[in-house]
Amino acid sequence: MGNPRLLTGVHLMQGQQACAEGALAAGCDLFAGYPITPATEIAEAMARRLPQAGGIYLQGADELDSLTIVIGSVWGGLKAMTATAGNGICLMQENIGYAAMTETPCVIVDMMRAGPGTGIATKSAQGDVYQVRYGSNGDYSIIALAPESPQEMFDLTVEAFNLAEEYRVPTFILGDEILSNLREKVVIPSEVKVTPRRKPTVPPGEGYKTWAVPPGEWTPPMPSFGDGYRLAVSSFARTADGSPSQAYEVQRDIVNRLWNKVEANAEKLTRVEDGYLEDAELLVIGFGSVARSVKAAARQARAEGLKVGFSRLIGIWPFPDSYVARVGKRVKKVIVAEMNMGKVCREVQRCLGRDAEVILSSKPGVAMHTPMEILDEIRKVI
Amino acid sequence: MAEAPVIATEDAEVLEHPAIRYFRFGAPGSPHIWCEGCGIGQVFYYTVIAIDELGLDPNKIVWVGGSGCTGRMCTYWKYDYMHTLHGRPLGFATGIKLANPELTVICHMGDGETSAIGGNHLIQTARRNADVVAICVNNYTYGMTGGQYSPTTPIGSLSATSRYGLVEDGFDLCQLVAAAGATYVARSTTAQPRPSINYIKKAIGKKGFSFVEIVSQCPTFYGRSNKLGDNSIAMLEWMKNTFVRKEQFEKMSPEERQGKRPWGEFVDTERPEVVASLHRLARTQREAYRG
């Protein structure tokens with residue numbers, strides 16, 4: 001058999017399986033997770049596939065346990081991932097903050113299901129947009145990518161691993177139940193670009209500063225435990241050598257850097273797919289599974305001669321502010337279709353201010369927008 | 001940055017404290033945050049002496065801790081440390097060990113961290129039998145937050161949150177961890193330095209989950225609140241009078257056992273260890289895949 005990490009070829013694959021294959025392709029060495037619908041099959045796939053690639057699957061005792069194992073293993077030198085649903089993210093929040101503060105590259109998959117609370121385990125929603133971004137205490141930033149298909153469950157999982165390394169930040173896949181169970185064609189290429197961990201250029205020894213940021217960089221290099229660098233890892237506000245500090249300047253510099261290493265690179269991290277924008281008078285924005293209906297509705301509207309464009313947000317966090325402002329200003333009206341009470345819509349409103357009228361097309365989960373429903377909205381608004 | 005203290009003897013010969021070369025200086029309030037008379041520094045000393053006597057490469061030893069007075073201990077280890085979240089050091093430690101089985105991973109945790117917020121991590125790590133060392137400094141107190149009762153505090157104890165006497169009884173952590181499957185379990189006190197060092201040495205050498213409970217004095221809170229002494233000497237006397245050797249304890253009648261607690265080694269056994277098992281599994285499955 002060939003490379004166990006890269007099943008090059010054309011497959012009919014379920015979204016969760018594609019996510020697991022993306023993780024393997026990206027170099028994931030360890031998966032720790034807790035069974036939860038609709039993300040269990042990612043764990044099952046990893047439990048079966050990771051050992052074939054020489055990797056480790058360990059079932060967490062819960063979501064907290066899972067993410068602590070992931071973070072610990074990353075500092076031990078591995079690439080690691082966990083996968084859960086929104087209520088699992090609730091349990092992980094403390095560890096997410098820890099990963100953000102310790103700048104631990106890791107991938108957290110959130111296959112969103114209807115909430116709040118237990119909600120409906122087997123039904124889709126997009127309600128976790130804010131909880132992956134703002135769920136832990138204090139101020140930090142993360143990256144979140146929203147796939148629309150099993151193909152993107154593969155592609156974006158690879159990208160999530162790479163961005164996590166590049167920015168030293170927990171990176172989320174913000175999927176939903178529909179993508180968990182959707183089976184479609186997935187093309188796995190013969191080669192995948194993998195970003196390695198950035199190691200220090202200085203030799204190990206006394207005097208190495210765990211948190212010293214080289215000039216021109218956003219993050220410090222990241223040695224592993226056992227490399228001899230005498231790492232001082234903690235989520236304290238701390239000086240460059242790791243000593244806890246209560247100084248305003250220390251807090252200011254850390255929080256600003258944790259925030260800006262992602263937010264100041266929002267332009268670079270913007271991932272969108274759009275169409276029919278040139279002469280559009282109305283723009284429809286969506287993400288994830290709902291974006292499939294958004295695109296279908298825009299196509300149909302064009303067939304009817306309506307001047308409608310669409311925009312699918314792939315990178316949800318950092319929010320693509322400049323992009324949305326740019327495309328939103330060209331139209332008079334914007335519809336945001338999402339399976340929640342208007343979270344991305346609120347971000348779009350923030351970006352556009354009075355430049356365009358922003359209309360929410362909301363479904364709180366279980367039933368996804370059909371293309372016809374969005375088309376009806378378009379006809380009403382235009 | 002603080003200078004390493006030196007001890008001048010009468011004939012002006014300058015000796016370095018044996019733990020100094022493992023101590024990380026530079027933290028605010030250096031050399032450490034602990035109160036006068038606290039036993040946590042003794043456990044730091046026992047651990048580094050155990051490491052020293054075993055002749056281990058300190059660059060291959062990671063100390064892990066969480067929140068609280070004991071949780072802070074890892075930050076004074078001069079080599080790799082990971083100061084994690086309250087109650088969760090064992091999860092992080094398992095991850096580190098899985099990533100690099102060559103590392104020795106030692107967690108120092110207080111009683112609250114070990115058995116309240118971290119209780120599930122404790123029993124799960126014991127059940128998995130992950131090759132990490134857990135040293136619980138049990139002073140029956142949440143010290144950093146000002147002396148509240150913990151899950152090890154004995155019934156009737158006075159604390160900041162049991163002003164009228166505690167109505168719950170505490171865990172026997174050694175029994176708990178033994179039942180959960182740890183392969184090495186021992187208890188000592190800060191009144192027994194040599195056994196404490198020996199237990200830590202055995203715990204580090206054991207291939208599997210090792211748990212050493214070291215009962216320690218908190219004269220600031222637990223000792224003072226319960227009239228066991230507001231200084232370390234009085235509390236060490238209390239420990240000497242309270243803790244009896246396990247072998248002796250087992251021979252005592254129920255009446256004689258009143259107010260007494262056993263110390264010694266409770267478990268020293270072998271079970272499959274999860275980190276080695278998972279790496280073996282990865283090797284065989286990878287080879288099977290390659291055909």
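The numbers here are math on the coordinates, done by the rules we state, and not lab data. Worth saying up front: this structure is predicted, and the values here are computed from it rather than measured. In this analysis, Cβ positions are derived from the backbone assuming ideal geometry, glycine residues included, and neighbour counts consider all displayed protein chains.
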Given 10 as the ceiling on other Cβ atoms within 10 Å, longest exposed-site-free region of chain B for trypsin sites (Lys or Arg not before Pro) in DSSP loops: B:1-162
Rel. contact order, % - alpha carbon contacts under 8 angstrom, at least six apart, the range A:273-381: 31
Positive minus negative residues near B:Val185 (Lys, Arg vs Asp, Glu; Cβ under 12 Å): 0
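Looking at the range A:189-249, which trypsin sites (Lys or Arg not before Pro) are DSSP coil and have at most 14 other C-beta atoms within 10 Å of their C-beta?
Values: sites: A:Lys193, A:Arg197, A:Arg198, A:Lys209, A:Arg230, A:Arg238; in loops: A:Lys193, A:Arg197, A:Arg198, A:Lys209, A:Arg230.
In loop regions of the range A:189-249 (DSSP not H, G, I, E or B), the sparsely surrounded trypsin sites (Lys or Arg not before Pro) are A:Lys193.
Give, rounded to the nearest 20 debye, the magnitude of the charge dipole that the range B:30-290 has about its Cα centre when Lys and Arg contribute +1 at Cβ and Asp and Glu contribute -1 at Cβ.
Details: 28 positive and 24 negative charges, 99 e Å.
For this selection, approximately 480 debye.
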Separation in nanometres of the label points that stand 7 Å from Cα toward Cβ, at B:Ser253 and A:Val10: 8.7
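If R0 is 56 Å, what FRET efficiency do you get for A:Val194 and B:Glu53 from their C-beta distance, rounded to 0.05? Walk me through the numbers on the way to the answer.
Values: r = 43 Å, r/R0 = 0.78.
The formula returns an efficiency of 0.80 here.
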Residues A:Cys28, A:Cys90, B:Cys218, A:Cys345 arranged by fewest to most Cβ contacts within 10 Å: A:Cys90, A:Cys345, A:Cys28, B:Cys218
Dipole in debye (nearest 20) - the protein assembly as shown, about Cα centre, beta carbon charges: Lys, Arg +1; Asp, Glu -1: 940
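Which percent, nearest 5, of DSSP beta bridges in chain A are antiparallel?
Numbers: 15 of 50 bridges.
Here the share of antiparallel DSSP bridges comes out near 30 percent.
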With at most 16 other Cβ atoms within 10 Å, longest stretch of chain B clear of loop GluC sites (Glu not before Pro) (DSSP): B:169-269
Cut-off 15 Å, label 7 Å out along Cα→Cβ of A:Glu281, residues of the range A:306-331 by amide N: A:306-309, A:330-331
Given charges at beta-carbon only (K, R positive; D, E negative), |dipole| of the range A:257-318 in Debye: 340
Spin-label model distance (nm) - A:Ala367 vs A:Asp355, 7 Å beyond Cα toward Cβ: 3.5
Lys/Arg +1, Asp/Glu -1 at C-beta; chain A dipole; positive extreme among A:Leu67, A:Leu163, A:Cys28: A:Leu163
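State, as an integer percentage, the relative contact order of chain A based on alpha-carbon contacts under 8 Å between residues 6 or more apart. Display every interim value, and only then the final one.
On the way: 880 pairs, mean separation 63.2, N = 382.
Relative contact order, chain A: 17 percent.
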Positive-pole candidate from B:Ala116, A:Val202, A:Leu6, dipole of the protein assembly as shown, charges at beta carbon: A:Leu6
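Based on other C-beta atoms within 10 Å, arrange B:His32, B:His17 from fewest to most. Intermediate values should be presented prior to the final figure.
Working: B:His32 19, B:His17 12.
The fewest-first ordering by Cβ neighbours comes to B:His17, B:His32.
Which trypsin sites (Lys or Arg not before Pro) in the range A:311-382 sit in a loop by DSSP (not H, G, I, E or B) and have at most 11 other Cβ atoms within 10 Å of their own Cβ? Walk me through the intermediate numbers first.
Numbers: sites: A:Arg312, A:Arg326, A:Lys329, A:Arg330, A:Lys332, A:Lys333, A:Lys343, A:Arg346, A:Arg350, A:Arg354, A:Arg379, A:Lys380; in loops: A:Arg330, A:Lys332, A:Arg354.
For trypsin sites (Lys or Arg not before Pro) across the range A:311-382 that sit outside H, G, I, E and B with at most 11 neighbouring Cβ atoms in 10 Å, the list reads A:Arg354.
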Unit charges at the beta carbon, dipole of chain B: most positive-side option, B:Tyr79, B:Val14, B:Val132: B:Val132
Most fluctuating residue given options A:Gly33, A:Gly205, A:Gly97, as computed from a GNM of chain A linking Cα atoms under 10 Å: A:Gly205
Residues A:Glu273 and A:Ala303, FRET efficiency given R0 of 22 Å [Cβ-Cβ distance, rounded to 0.05]: 0.70
